[in-house]
Amino acid sequence: MTDHADGIPRHIVVMGVSGTGKTTVGSALATTLGSTFIEGDTFHPEANIDKMSAGHPLNDDDRRPWLAAVSGEIERVAGEGGTSVTACSALTRLYRDWLRGGYPDLFFVHLQADYDTLLDRMSRRKHFMPPSLLQSQFDTLEDLQADEHGAGVPDVDGVEKVVAAAMKAVGASR
């Protein structure tokens, strides 16, 4: 079963580079949909957090076990018959494929904003991902491909409008 009775995907990943508001939008989306919210960052091993905190970007070897853990949590929620919204960067097709290992029919909401907007946001928050790594995220980012279930959502109009656009993207009109 891939969708709620109302056609909304059962498992959604709110993706994008650092600073796009994945946690804020994902949490609000989960609350609105009555879904479990999964914060992907909580599944990072300490070594990943230390590496990013030191200003070094992660590589595929760093990301694979982290994404496997996130995928496993999506699979756990799906196995219990629940629905979920996950905040996770999911920057490349390969990473999204790794996430789909836990639930093949994931729907991706790609939050999109320009570099300068995100750099400003990142400069004003406390997070293990320093602003110096933003460019590496943009360099790694691959847009959703035509055969991937998902939609892009501009993240420039404030949280309420972004959440409303995300709700529309997943087919909800609440």
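The values are calculated or read from the model by the stated rules, or taken from the named source; none is laboratory data. These numbers come from a predicted model, not from an experiment. Glycine also receives a Cβ, built like all others from the backbone with ideal geometry; neighbour counts cover every protein chain displayed. Heads up: the accessible areas ignore ligands, DNA and RNA and are worked out on the full protein's heavy atoms, side chains in. Shrake-Rupley method; radii C 1.70, N 1.55, O 1.52, S 1.80 Å.
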Single unsatisfied condition, Thr31 versus (1) under 13 Å from Thr86 (Cα atoms); (2) buried (at least 16 other Cβ atoms within 10 Å of the Cβ):
(2)
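Got a sec? Which of Pro65, Pro45 is in contact (Cβ under 8 Å) with a residue 12 or more places away in the chain and open to solvent by 70 Å² or more (accessible area, probe 1.4 Å)?
Only one candidate passes the filter, namely Pro65.
Based on what the data block shows, is Asp143 closer than 24 Å to Asn59 by Cα, modelled with pLDDT of 85 or more, under 15 Å from the mean Cα position of the chain (by Cα) and not hydrophobic (A, V, I, L, M, F, W, C)?
Numbers: closer than 24 Å to Asn59 by Cα: yes; modelled with pLDDT of 85 or more: yes; under 15 Å from the mean Cα position of the chain (by Cα): yes; not hydrophobic (A, V, I, L, M, F, W, C): yes.
Against the criterion (closer than 24 Å to Asn59 by Cα, modelled with pLDDT of 85 or more, under 15 Å from the mean Cα position of the chain (by Cα) and not hydrophobic (A, V, I, L, M, F, W, C)), Asp143 qualifies.
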Looking at (1) closer than 18 Å to Leu144 by Cβ; (2) of a type in the set (Asp, Glu); (3) under 14 Å from the mean Cα position of the chain (by Cα), which is the only condition Asp105 fails?
(3)
Residue count for segment 93-129, restricted to those that are of a type in the set (Lys, Arg), modelled with pLDDT of 80 or more and over 18 Å from Gly26 (Cα atoms):
1
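Keeping to segment 68-77, report how many residues are open to solvent by 20 Å² or more (accessible area, probe 1.4 Å) and of a type in the set (A, V, I, L, M).
Within segment 68-77, the subset open to solvent by 20 Å² or more (accessible area, probe 1.4 Å) is 68-69, 72-73, 75-76.
The next check asks that each one be of a type in the set (A, V, I, L, M); those that pass are 68-69.
Qualifying residue count, segment 68-77: 2.
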